[in-house]
Number of protein chains: 4
Amino acid sequence: MDDDTRTARWERRAGTPLAVASLLFLVSYGVRILGEGLPGPVLDLSLAVLYGSWALFVVDYVVRWRLSGEGPGFVHRHWLDSLVVVLPLLRPVRIVRVYDAMQDRRQEEPRLPLQARVMLYAGLASTLLGLSAALAVYHYEHNAPDASIRTFGDALWWAVSTLATVGYGDVVPVTPMGRLVAVILMGCGLALLGAVTGSFSSYLMQRFARAGDDVGPPGR
Amino acid sequence: MDDDTRTARWERRAGTPLAVASLLFLVSYGVRILGEGLPGPVLDLSLAVLYGSWALFVVDYVVRWRLSGEGPGFVHRHWLDSLVVVLPLLRPVRIVRVYDAMQDRRQEEPRLPLQARVMLYAGLASTLLGLSAALAVYHYEHNAPDASIRTFGDALWWAVSTLATVGYGDVVPVTPMGRLVAVILMGCGLALLGAVTGSFSSYLMQRFARAGDDVGPPGR
Amino acid sequence: MDDDTRTARWERRAGTPLAVASLLFLVSYGVRILGEGLPGPVLDLSLAVLYGSWALFVVDYVVRWRLSGEGPGFVHRHWLDSLVVVLPLLRPVRIVRVYDAMQDRRQEEPRLPLQARVMLYAGLASTLLGLSAALAVYHYEHNAPDASIRTFGDALWWAVSTLATVGYGDVVPVTPMGRLVAVILMGCGLALLGAVTGSFSSYLMQRFARAGDDVGPPGR
Amino acid sequence: MDDDTRTARWERRAGTPLAVASLLFLVSYGVRILGEGLPGPVLDLSLAVLYGSWALFVVDYVVRWRLSGEGPGFVHRHWLDSLVVVLPLLRPVRIVRVYDAMQDRRQEEPRLPLQARVMLYAGLASTLLGLSAALAVYHYEHNAPDASIRTFGDALWWAVSTLATVGYGDVVPVTPMGRLVAVILMGCGLALLGAVTGSFSSYLMQRFARAGDDVGPPGR
């Protein structure tokens, strides 16, 4: 109970710095991947920011491990957190923790209905995940000899058509690493986007049901 | 409460003109895009109708803003309405408002079951959205040098196969603007179509459950 | 109430002949489409069976119209039945009526759980619809100059990959009529298959929940 | 009741050997398909393991048939088990039985929440099914004259993009047997993956709802 409280207090305090670090990580990763023509110092700076934010993620992981009071079982039991420390581009999938931290902060504000919150967070996580995947795929593909993903625009277009499960196939990864990124994007992204679709469908059903009640006799 | 009533009264009164204006907007947009060989006056007329109906949308937005008594926060809080004023082709996504306005009108008629209403409205909104996207994609694509969408028939075929998430990839947008339209269609359309599928599934489960009860012992 | 009973009695009596007629319709349609090398009399016979079963569908429609005691509004109110009389290949979508008729018949047998029934009927309807669509698409496509659907095997492969929303795009309809068939297949089939997936997911959740209860303390 | 207990006791005892046999079957099948350059004795051994584990499946089927005390109706009533005896590659779809056997074993451990269990088992079954399908498709395709699936990596990439219903179409089966494998993968895999998506969506809704309650007044 006490550990739980201390963990919760840590998450409240570390929430904003970690969110900023996540954005900085994504931006500096993007600069590293896309900024080929940029001057050297900018690239060096982005590399420093990249590793700096990654270091913050590791610190957060270690602190939470300590606070939990668990032994080596922590790595196994919080496998998603452990995976995200190794592959920081997957941070958007830790959507529930972000949501919890946010919810603690603005306790007093009027809250959105449940489905809108699910759509907002799952939609945001899908977007960030798609962006990360587009960057990674562009990195692995754009110099491959028979690549169809040649520009970052192609990579974005591929990421969106993959997340939506449309999969035109006009641009596809051809390298093993590019395909591995694609497999991860499909696995994580489809579940997230399915949550968006499902909660929108649920919202519509509920909204139509409520609207139907509104026009009914008031005594009902 | 009072503002709410005045807004509701406005929506009841403005509902039919706005629905007609939406159809006129779509038709005149279609004439502009497809009617290359039409005589000049017809094209001028369609342009006038296009801007006229758009002006009506703006008037409706401003009136609702005024009636709400809210300050600049209205733009942020009703972000979907604000977006639709800027991009009138997205009007079909305002499905819940259309549904509310319709429901007020024909209060006395026997109402469809909930799932049928969701399927009807979401299906209609998907159809109109697909039509708008086909027009816009045709506009941006049919003159592109290496386009695969060359006729309006291709554009319709592309829109349907995208909405259904089948995505054959035999015809795909290749220009940045065409791909932007596609991304918007995927985002809005898949959620709407997911609602159709979900409510049909729910209807079937309910219908089969009810039928099962009918043949069971009456005492049950 | 009395009309209802007479309609129900008609449906009980007409159920089996109509199911047989539906199968005969599909088989004779298949013979007409695929049986190019068959001797003339066989083709003539299949044409006779085709129109004979279609005539039965019309008779059934007219009888139910009469029994309902409704005026011309019947056509509008039972629009699905009206559509199916004009396009008999769409008969599989009338799944709920088939289910009702079947359920009346074998009242005494042990019944499957709800989700299994939904999966069974929706799966069967998808299969028959896919078969009809493959026949129709093969008919319109296999002689087109730049067709990719050249054999009936291609058409079946296309129908399955379309129903599953995979849509590889290696074989796609290119004629306007073939694409129209595809649009109808996507519209009807995806909803049916969505019902299969949804009810399987629901079954799994329920089964796992029940199994969890089984191992819990017996007093629960 | 007594038969039921004896069946349950058999399943508890046979669970682990059968799970091991399933893995051995998959591994030896993989060695047979992929191990073209391996020395003869290894291939002979893998063939022996293949048929040995298959024989175990048959023994398990026969024992359960005997224990059930049912006549030939057993084959029809347990059609999924009967099918899996003939096509052992489909064993992953018997997910509910595996789950039951597992649940009996570790009765005392803290159990995962319902949705996590569904995601775990359905996700595992999809993975194993996709692996089996990739092996089978590679077997039938990689020597076909106009094949696009030439390496096992291609086959894995094809299986993942098919299971996710993305279906790029850059690599597709072209032989009749390869397409048959694909049809089975679509049929079984999509339902399993739909269960993963659906239970994740349900988990997210529940988690967000609970989190919302946590920040509410404690008296609620």
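Any read-out appearing in this document is the output of simple, stated calculations on the displayed coordinates, not a laboratory observation. Fair warning: this is a prediction, and the values are worked out from it, not measured in the lab. No Cβ is skipped: glycine too gets one built from the backbone with ideal geometry, and neighbour counts run over all protein chains shown.
Which value in nm describes the separation of the simple spin-label points at D:V59 and C:R77, placed 7 Å from the Cα toward the beta carbon?
6.6 nm
In sequence order, what are the phi-derived ³J(HN,Hα) couplings for the range D:67-74 according to the Karplus relation 6.51 cos²θ - 1.76 cosθ + 1.60 with θ = phi - 60°, rounded to whole Hz, with x for glycine and proline?
4, 5, x, 8, x, x, x, 4
Please report the net charge: other residues with Cβ closer than 14 Å to the Cβ of B:V174, K and R +1, D and E -1.
Neighbourhood net charge equals -3.
Using the Karplus equation 6.51 cos²θ - 1.76 cosθ + 1.60 (θ = phi - 60°), what ³J(HN,Hα) coupling, rounded to whole Hz, does each residue of the range C:38-55 give in order, writing x for Gly and Pro?
6, x, x, x, 4, 5, 4, 4, 5, 5, 4, 4, 4, 6, x, 5, 4, 4
Using Cβ contacts closer than 10 Å as the measure, can you line up D:V27, B:V118, B:V93, B:V166 from fewest to most?
If I rank by nearby Cβ atoms, fewest first, I get D:V27, B:V93, B:V118, B:V166.
With contacts defined as alpha carbon pairs under 8 Å and 6 or more residues apart, what's the relative contact order of the range B:129-187 in percent?
So the answer I get is 42 percent.
Shape of the range C:1-95 from its Cα gyration tensor (a ≥ b ≥ c, root eigenvalues): rounded if a/c is under 1.5, otherwise prolate when a/b > b/c, or oblate?
prolate
Restricting to Cα pairs below 8 Å that are 6+ residues apart, what does the relative contact order work out to for chain A? Please round to a whole percent.
19 percent
As a check on your grasp of the helix formula, calculate [θ] at 222 nm for chain C: sum -39500 (n - 2.57) over DSSP H runs of n ≥ 4, divide by the residue count, round to the nearest 500.
-26000 deg cm²/dmol
Could you run the Karplus curve 6.51 cos²θ - 1.76 cosθ + 1.60 with θ = phi - 60° over the range D:135-152 and give me ³J(HN,Hα) per residue in whole Hz, x for Gly and Pro?
4, 5, 5, 4, 4, 7, 9, 5, 10, 5, x, 10, 6, 9, 8, 10, 10, 5
Take chain D, connect every pair of alpha-carbon atoms lying under 10 Å apart with a spring to form a Gaussian network, then pick out the residue of D:V86, D:V181, D:V196 with the largest mean-square fluctuation.
The residue that fluctuates most here is D:V86.
State whether the protein assembly as shown is rounded, prolate or oblate according to the following rule on the C-alpha gyration tensor (a ≥ b ≥ c being the square roots of its eigenvalues): a/c under 1.5 gives rounded; otherwise a/b larger than b/c gives prolate, and the remaining case gives oblate.
rounded
Kirkwood hydrodynamic radius, computed over distinct alpha-carbon pairs, for the range A:110-220: how many Å, to one decimal?
Over the range A:110-220, the inverse of the mean reciprocal pair distance is 15.8 Å.
Testing the spin-label approximation: label points 7 Å from Cα along Cα→Cβ at B:T16 and A:L23. State their distance in nm.
Here the answer is 4.9 nm between the modelled labels.
Could you name the residue in chain C with the C-beta closest to the rotation axis that superposes chain C on chain A, along with the separation in whole Å?
Smallest Cβ distance to the axis, with its residue: C:G169, 3.
With springs connecting C-alpha atoms under 10 Å apart, model chain D as a Gaussian network and identify which of D:G30, D:G40, D:G167 has the largest mean-square fluctuation.
Of D:G30, D:G40, D:G167, the most mobile in the Gaussian network model is D:G40.
Find every distance from the label point of B:Q206 to the corresponding label point in the other copies (7 Å from Cα along Cα→Cβ) and write them in nm, one decimal, shortest first.
1.7, 1.7, 2.3
Going by average Cβ neighbours within 10 Å, how do the peptides D:20-26, B:140-146 rank, with the highest at the top?
D:20-26, B:140-146
If the elastic network links every pair of Cα atoms under 10 Å, which of A:F200, A:F57, A:F208 fluctuates the most in the Gaussian network model of chain A?
Evaluated over chain A, the most mobile residue of the options is A:F208.
Rounded if a/c is under 1.5, else prolate if a/b beats b/c, else oblate: with a ≥ b ≥ c from the C-alpha gyration tensor eigenvalues square-rooted, which is chain D?
Numbers: a/c = 2.16, a/b = 1.21, b/c = 1.79.
Judged from the Cα gyration tensor, chain D comes out oblate (a/c at least 1.5, b/c at or above a/b).
I need the inter-copy label distances for A:L34: point set 7 Å along Cα to C-beta, values in nm with one decimal, smallest first.
3.7, 3.7, 5.3
Summing +1 for each Lys or Arg and -1 for each Asp or Glu, what net charge is found among the other residues whose Cβ lies under 12 Å from the Cβ of B:T151?
Net local charge, B:T151 excluded: 0.
B:W54 label points, 7 Å along Cα→Cβ, one per copy: pairwise distances from this copy to the rest in nm, shortest first?
Result for B:W54, in nm, nearest copy first: 4.9, 4.9, 6.9.
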